[in-house]
Structures are given as C-alpha cells and as structure tokens.
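J.: Can you keep this structure in mind? I'll have questions shortly.
The values are calculated or read from the model by the stated rules, or taken from the named source; none is laboratory data. Note that this is a predicted model, so its numbers are computed, not measured. Note: ideal-geometry Cβ built from the backbone for every residue, glycine included; neighbour counts use all protein chains shown. For accessibility, only protein heavy atoms count, side chains too; no ligands or nucleic acids. Shrake-Rupley method; radii C 1.70, N 1.55, O 1.52, S 1.80 Å.
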Amino acid sequence: MSDSKQADNDESKSADEIKAERHKARQQRVKEGVDAKIARATEEKGILLVLTGNGKGKSTSGFGTVARAVGHGKKAAVVQFIKGNWECGERTLLEGAGVAFHVMGTGFTWETQDREKDTAAAVKAWDATEKLLQDESIDLVMLDELTYMVSYHYLEVERVIKALQNRPKMQHVIVTGRACHRAIVEIADTVSEVQPIKHAFEAGVKAQPGFDY
C-alpha cells in the first residue's frame, strides 16, 4: 500500500482504531521474536541458578522455585548454610511436602565468633551437599547462603566448583547469598542480582514471622 493510500485509510479510522492496530502490530513483532527464541531453545539440562546481590528476597525466590518443583512432582532437597535452628516457615511447609533439609545450625558467624567451629560446621554441611549433588534421584538442590561459605574461606571454591560441575546432567541447583564468587558466577547458567532500594529493618522495623522468616 502506498503512503498516500495508507494516509487516506488512516483518516477513515478513529484514533482508537489506529492505536489498536499499531499495538497489535507491535505485539505481533514481539511474539515473533519470542517464538524464534523458543524455537532455538532445544537443549535440556540441569540449570545452575545463582541468586545474589544485597537486596532482600534471594532465599525467598529460591524457596519459591523449590515449591514449584515439588508442585510438579519433582524431588528436592535444601542445604541451609549460615541459618541457625530457629523456626523457618519455608522449612516447616516444604518438609511437610517431602523436601529434605540439611541445616548447618551454627547461626550467623557474627554470633558464634568462632572461626574453627564455623569452618567445621561448613565442611560437615558440604559433605552432605556433595552426596546430594551425586544423587540422580534428586531433581533440585537449593544451597541457601552458600556464597558466604566461600567468601569467608570456610570452603574451598575449587571443591565447590568440582561438585557443581560433576552433578547429574539433569539436576538443577540454586545458589543464594551475597557476593557470589566469580568462579561460581562464570559456570552458572542463570544469574540474578537483587539490589536494595529500601529495607524496613534499616528503618527500625523488626524481622517478623510469616514475612521475613
């Protein structure tokens, strides 16, 4: 259609009709782009997902993915580093759905102030992790706050990388925590960084059950 004919055609239509047609054309182009990406995505493999950054919500996002896997009838397991033995809403819910939990149990390192004890606890938790990362029956393993164990040098990054790379081909792994080591980021398939804008705790609001833990 020539430009003049298109202009005449546009003049015979209402502004809303023109807007609707242009929107439809834009969305069609978006759909074509998405469809092309879907067509190219043919590989099936276990995904290594890293959730890092200083913002709130990394563990929450990871637990949401665990819940999704369970909802699809998948077998999942969680290893919690840093966290202590206090009540955890996600653990209460997911253990009831058959998700195995391994909790390091020493709490935050600034509470123990005992590097030797923390290191021993981290190694013990990682021993359990390596067994999970060798188990083909487990579809998804979440390693909550693992990044701290590497950045504090409680675990050797080489040992962590080796276990992640040698896991079963179809096993998914989620790693959460701030300041993820670049070597883990490099081998990850998906990396999301959560950045803080505001946080209630900084304004003096205490952590609350059912929302923060």
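J.: If I ask for residues that are open to solvent by 100 Å² or more (accessible area, probe 1.4 Å) and modelled with pLDDT under 95, which ones from segment 133-156 would you list?
T.: Residue satisfying the conditions is His153 alone.
J.: Turning to a different aspect of this structure: Considering each residue of segment 157-176, count those that are part of a loop (DSSP other than H, G, I, E, B) and surrounded by fewer than 13 Cβ atoms within 10 Å (Cβ to Cβ), and give that number.
T.: Selection size over segment 157-176: 3.
J.: Evaluate the following for Ile82: is it in contact (Cβ under 8 Å) with a residue 60 or more places away in the chain, surrounded by fewer than 17 Cβ atoms within 10 Å (Cβ to Cβ) and of a type in the set (A, V, I, L, M, F, W, C)?
T.: So Ile82 fails the test.
J.: Separate question: For the condition part of a loop (DSSP other than H, G, I, E, B), more than 16 Å from Thr65 (Cβ to Cβ) and touching a Phe, Trp or Tyr at 6+ places or on another chain (Cβ under 7 Å), what is the one hit in Ala179, Ala207?
T.: Exactly one of Ala179, Ala207 is part of a loop (DSSP other than H, G, I, E, B), more than 16 Å from Thr65 (Cβ to Cβ) and touching a Phe, Trp or Tyr at 6+ places or on another chain (Cβ under 7 Å), namely Ala207.
J.: Restricting to segment 184-198, and then to whatever is assigned to a loop (DSSP other than H, G, I, E, B) and within 20 Å of the chain's Cα centre (by Cα), can you tell me which residue is surrounded by the most Cβ atoms within 10 Å (Cβ to Cβ)?
T.: Ala188
J.: Just one of the numbered conditions (1) in contact with a strand residue (DSSP E or B) (Cβ under 8 Å, 6 or more places away or on another chain); (2) within 26 Å of Tyr213 (Cβ to Cβ); (3) at pLDDT 95 or above; (4) open to solvent by 10 Å² or more (accessible area, probe 1.4 Å) is not true of Val99; which one?
T.: Every condition holds for Val99 apart from (4).
J.: Also, quick follow-up: Looking at Ile82 and the list (1) closer than 23 Å to Ala183 by Cβ; (2) modelled with pLDDT of 90 or more; (3) not in a strand (DSSP E or B), which single condition is not satisfied?
T.: Answer for Ile82: the failing condition is (2).
J.: Which condition number in (1) at pLDDT below 90; (2) under 26 Å from Arg68 (Cα atoms) is the one that Glu130 fails?
T.: Every listed condition holds for Glu130 apart from (1).
J.: Considering only residues of segment 7-23 that are surrounded by 10 or more Cβ atoms within 10 Å (Cβ to Cβ) and either at pLDDT 80 or above or among the hydrophobic types (A, V, I, L, M, F, W, C) (or both), which is nearest to the chain's Cα centre (by Cα)?
T.: Only one residue fits best here, namely His23.
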